[in-house]
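The values are calculated or read from the model by the stated rules, or taken from the named source; none is laboratory data. All values derive from a computational prediction rather than experimental measurement. Reconstructed Cβ throughout: ideal geometry from the backbone, glycine too, with neighbour counts over all protein chains shown. Ligands, DNA and RNA are excluded from the accessible area calculation, which covers all protein heavy atoms including side chains. Shrake-Rupley method; radii C 1.70, N 1.55, O 1.52, S 1.80 Å.
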Amino acid sequence: QAKSLGRGRYVFFDDSMREKIIASMTLEQELRQAIKSKQFELHYQKISDLTSTKTLGFEVLLRWQHPTKGLLTPSEFLFMAEETGMILDIETWVIEEVCLQLKLWKKSKEYEHAYIGVNLSGRHLIQANQLTKLMGLISINTVEPERLILEFNESAFARHTELALKGLRKLKEFGVKLALDDYGAGLSSFNFLHNYPFEFIKLDRSFIRSLNNNDKNLSLVKALHELGTKFGYRLVAEGIESEAMLQKLQTVGCEFGQGYHISRPAKIVQAKSASNVVAMHRAQQSL
Ligand code: C2E
Ligand code: MG
Ligand code: MG
Ligand code: MG
């Protein structure tokens, strides 16, 4: 049979390609199983007011407790969830969980007024019926949609800009808060800044990291802060990793921030009594 393949001109798959395809199929199956058997968990990272150091709220970050590989971060599976559309099922679960957490916090003193930021796939905005489903889901699970900050990044409206913007406006009208995530990471444009329905703009980590290098970068962040503020946005700096970075951001007046220096993402440990909910943010607990 090998002979009939001649000099191998008709062999399409070499071993490494075969391995990749198998890995990808395995990931897809495992992800399906993960949804069924609820292998996901949420890690919460604090978002602080940089001047008062008060807590604005938390961003929830998806984690997958994989049966053999251990705890996985989104970079290891999110692409597959997006590609297959499974992300919509996963995020349904995320929103249910987050709404439950809001209810618990409502009864606590410490986080009674906390917001929760949820990263969402752009599919919610552009896929038929998804937006209605999303708003329905939120309505069923909470009476306070304004405690939710839905975070989208620019890829969410790269292709179907008008449709996505329309969706965002509907969400705003509905009552949730919106954040533009990872601003400045890609080819961020100034064009849309004047008519985005976002309340928050989250400055990408790469910006904040560059603050270490030289003062020009600080000018850039300062300019972005001024521009953003003029347009009515509230700025959140991502990835604050050191006291020096924090101080620089405070100098330029950046309002909110998050990062390992402030608090690492961590699971919330629920106390037995709902009125005594404690968030565990152990410094040594990474990702
Ligand atoms: P993101 O929304 O920009 O979230 C912030 C990411 O930065 C998180 O990565 C967080 O762990 C990390 N981070 C926070 N502080 C620091 C810091 O000081 N230094 C550094 N180097 N990193 C820091 P993570 O958890 O791996 O998530 C990656 C991305 O996956 C998120 O980026 C978000 O866009 C996406 N993601 C997470 N959960 C979900 C979800 O439920 N749905 C969707 N669609 N996307 C999600
Ligand atoms: Mg985010
Ligand atoms: Mg995000
Ligand atoms: Mg981000």
What does the C-alpha gyration tensor say about the overall shape of the stretch 202-255? Classify as rounded when a/c is under 1.5, otherwise prolate if a/b is larger than b/c, or oblate.
prolate
Cα extents of the chain along the three principal axes, largest first (Å):
75, 51, 42
Pop out the carbon and sulfur fraction of the accessible area of the chain as a percent, whole number, probe 1.4 Å.
53 percent
Report the label-to-label distance for residue 231 and residue 15 in nanometres (one decimal), using points 7 Å from each Cα along the Cα→Cβ vector.
5.2 nm
Candidates per trypsin sites (Lys or Arg not before Pro) in the stretch 135-168, loop by DSSP, up to 14 other Cβ within 10 Å:
159
Pull out the extension gain between residue 242 and residue 170, defined as 0.36 nm times the separation in residues minus the alpha carbon to alpha carbon distance; nm, one decimal.
22.1 nm
What is the angle, in °, between the Cα long axis of helix 215-230 and the longest principal axis of the Cα atoms in the chain? Nearest 10 is fine, range 0 to 90.
70 degrees
As a check on your grasp of the helix formula, calculate [θ] at 222 nm for the chain: sum -39500 (n - 2.57) over DSSP H runs of n ≥ 4, divide by the residue count, round to the nearest 500.
-12000 deg cm²/dmol
Out of the DSSP beta bridges found with both residues in the chain, what percent are antiparallel (nearest 5)?
40 percent
Normalising by the residue count of the chain, find the relative contact order in percent from Cα pairs under 8 Å and 6+ residues apart.
17 percent
The alpha-carbon center of the stretch 173-207 and that of the stretch 48-79 are separated, in whole Å, by 19 Å
Sort 155, 48, 139 by accessible area with a 1.4 Å probe, largest first.
155, 139, 48
Between helix 130-141 and the chain, what is the angle of the helix's C-alpha long axis to the longest principal axis, kept within 0 to 90° and rounded to the nearest 10?
50 degrees
Going 7 Å from the Cα of residue 215 toward and past its Cβ, which residues in the stretch 233-253 have a backbone nitrogen under 20 Å from where you end up?
244-253
Tell me, what is the FRET efficiency for residue 139 and residue 53 to the nearest 0.05, using R0 = 35 angstrom and their Cβ-Cβ distance as r?
0.55
Qualifying chymotrypsin sites (Phe, Trp or Tyr not before Pro) in the stretch 117-209, DSSP loop, other Cβ atoms within 10 Å at most 12:
190
Around residue 56, which amide H atoms from residues at least 5 apart in sequence, or from another chain, sit under 5 Å from its own amide H, with H modelled in the peptide plane?
47, 48, 49
Taking N as the number of residues in the stretch 33-92, what is its Cα Rg relative to 2.2 N^0.38 Å?
1.38
Roughly what % antiparallel, to the nearest 5, for the DSSP beta bridges in the stretch 1-157?
60 percent
What dipole magnitude, in Debye to the nearest 20, does the chain give about its Cα centre under +1 on Lys/Arg Cβ and -1 on Asp/Glu Cβ?
320 debye
Assign one of three labels to the stretch 59-163, namely rounded, prolate or oblate, based on the Cα gyration tensor with a ≥ b ≥ c the square roots of its eigenvalues; rounded applies when a/c is under 1.5, prolate when it is not and a/b is larger than b/c, and oblate otherwise.
oblate
Tell me the per residue accessible area of the stretch 26-154 using a 1.4 Å probe; a whole number in Å² is fine.
47 Å²
